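> Below: one structure in C-alpha cells.
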Amino acid sequence: MQVIPAIDLERGRSRVVFWPGVSSGVGAPTDRPDRIAEHFVNLGAPLIHLIDFDGARAGSPVNLGAVGEIAARVATPLQLAGGVDTADGIRLAFAAGATRVLVGLAVADDPAALRACLAVAGDWLAVGLDARPDRLAAFPWRRPRVPTLRELADELVGQGVARLVLSHGGEAAEVATLSELARTVDVELLVAGGVRDLEGVRRLRDAGAGGIILGEALLSGAIDYTAAREAAA
C-alpha cells in the first residue's frame, strides 16, 4: 500500500508548518510546499497529494504557482484537488505541473461533467467519495434516489473512472466497507483522512486499500513517514 503525503495549499504556502526535526530540535520549520514535498520524496514518497483550498472556494485552481514550484523541484507525480471539477480547471492544473486530479461528488452526480473531465484526464482522474452513509444521504443529489456507496462505485467504474478516493475511511465500519469494495469493484482505492496512528495504517493495508493519503498527521509529527511506509508494506 502506498503512503501518500498531502499538503494543504493556501495563498501559495502550506497551511500546516512542517518541522521535520521538531523532536530533536534539528533543522528549521517551513511552510514552503516545494521544500515539504522534496522532504517526503527523498524519503520515498511515490506521489504528492495537493489540496488547493483557495481553488476549492473559487471554483478553479488558484495555487498554480505553488504547484509549478513543486513540479520543478521533484520528479514525482502530483495529484491536485480543489478547483479542478471542470475540464478547464483540469487543463490549468496539468499546465502548471500536476499529473493527476481529484474531483468531487458533484462531478460524480453529473454524467456530462464527468465525461468532460474524463476526456481531459483519462486514467489520471480520481473521484472523491465520502464513505459515511449519512454524508451520502445529506448530499443534494440530482437523481431521484440516494445511491449506496457500492452502487456509486460501480456506476463510476462503468463510466471509465479508474481511481476512487474515500474520505474518512479509518473507522471500523468504514474499513469493512472498504474491504468489500476492494474485493468486488475493479478500481484503485485510496483513503484520505480518519487515520491517526500506525495501527490505522495497518487496518487499511489489510482491507485492501491501494494507498493512504496523510496530511496533518505527517506534517505535525503524529505519524512518522518511514514508520508508516513500513506499516503499509
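> Select from the stretch 53-62 the residues that are of a type outside the set (A, V, I, L, M, F, W, C) and assigned to a loop (DSSP other than H, G, I, E, B) and write down the one among them that is surrounded by the fewest Cβ atoms within 10 Å (Cβ to Cβ).
The extreme case among them is 59.
> If I go through the stretch 190-202 residue by residue, how many of them are buried (at least 21 other Cβ atoms within 10 Å of the Cβ) and over 14 Å from the mean Cα position of the chain (by Cα)?
Residues that pass the stated criteria total 2.
> Still on this model: Which count do you get for residues in the stretch 203-233 that are closer than 20 Å to residue 132 by Cβ, part of a loop (DSSP other than H, G, I, E, B) and more than 15 Å from the chain's Cα centre (by Cα)?
1
> Does residue 200 fit the bill of being of a type outside the set (Asp, Glu) and in a helix (DSSP H, G or I)?
Here the answer is yes, as residue 200 does meet what is asked.
> Quick one: in the stretch 32-52, which of the residues that are over 15 Å from residue 226 (Cα atoms) and of a type in the set (Asp, Glu) is surrounded by the most Cβ atoms within 10 Å (Cβ to Cβ)?
So the residue we want is 52.
> I've got another one for you. Show the residue pairs meeting these rules: Cβ distance below 7 Å; 6+ apart or different chains; first residue within the stretch 39-66 and under 19 Å from residue 4 (Cβ atoms); second residue outside any helix (DSSP H, G or I) and basic (Lys, Arg).
Once the first residue is under 19 Å from residue 4 (Cβ atoms) and sits in the stretch 39-66, its partners that are outside any helix (DSSP H, G or I) and basic (Lys, Arg) give 53/15.
> Collect the residues in the stretch 63-91 that are farther than 12 Å from residue 48 by Cα, more than 18 Å from the chain's Cα centre (by Cα) and either assigned to a loop (DSSP other than H, G, I, E, B) or among the hydrophobic types (A, V, I, L, M, F, W, C) (or both), keeping them in residue-number order.
72, 87
> Return the residues of the stretch 113-138 that are under 12 Å from residue 85 (Cα atoms), hydrophobic (A, V, I, L, M, F, W, C) and assigned to a helix (DSSP H, G or I); say none if nothing qualifies.
First, pick out the residues of the stretch 113-138 that are under 12 Å from residue 85 (Cα atoms): 113-118, 120-121, 125-128.
Checking which are hydrophobic (A, V, I, L, M, F, W, C) leaves us with 113-114, 116-118, 120-121, 125-127.
Within the stretch 113-138, 113, 114, 116, 117, 118, 120, 121 qualify.
> Restricting attention to the stretch 159-197, which residues are at negative phi, part of a loop (DSSP other than H, G, I, E, B) and either of a type in the set (A, V, I, L, M, F, W, C) or at pLDDT 90 or above (or both)? Let's see the steps before the verdict.
Step one: filter the stretch 159-197 for residues at negative phi, giving 159, 161-167, 169-192, 195-197.
Retained after the next criterion (residues that are part of a loop (DSSP other than H, G, I, E, B)): 159, 161-162, 169-171, 185-187, 195-197.
Correct list: 159, 161, 162, 185, 186, 187, 195, 197.
> Here is a follow-up. Please work out if residue 106 is among the aliphatic types (A, V, I, L, M), within 19 Å of residue 160 (Cα to Cα) and in a helix (DSSP H, G or I).
Yes: the conditions hold for residue 106.
> Now, a different point. Within the stretch 101-158, how many residues are at pLDDT 95 or above and among the aromatic types (Phe, Trp, Tyr)?
Number satisfying all stated conditions: 1.
> Another question about this same structure. Just to be sure I understand the filter: pairs with C-beta atoms under 7 Å, separated by 6 or more residues or on different chains, first member in the stretch 115-142 and under 17 Å from residue 188 (Cβ atoms) and small (Gly, Ala, Ser), second member modelled with pLDDT under 90 and outside any helix (DSSP H, G or I). Which pairs pass?
Taking only residues 6 or more apart or on different chains, the pairs are 128/167; 131/167; 131/168; 131/169.
> Can you find a residue that is on the phi < 0 side of the Ramachandran plot, among the β-branched types (Val, Ile, Thr) and not in a helix (DSSP H, G or I) anywhere in the stretch 33-42?
no
> Something else about it: Among the residues of the stretch 4-32 satisfying the criterion of being in a strand (DSSP E or B), more than 29 Å from residue 205 (Cβ to Cβ) and not basic (Lys, Arg), which is modelled with the lowest pLDDT? Spell out how you get there, then give the answer.
From the stretch 4-32, those in a strand (DSSP E or B) are 4-10, 13-14, 18, 30; that's our starting set.
Filter once more, so that each one left must be more than 29 Å from residue 205 (Cβ to Cβ): 10, 13, 30.
Within this subset, residues satisfying the condition of being not basic (Lys, Arg) are 10, 30.
Details: 10: 97, 30: 93.
Taking the candidates together, the pick is 30.
The values are calculated or read from the model by the stated rules, or taken from the named source; none is laboratory data. Fair warning: this is a prediction, and the values are worked out from it, not measured in the lab. A quick note on method: Cβ atoms are made from the backbone with ideal geometry, for glycine too, and the neighbour counts reach across all protein chains shown.
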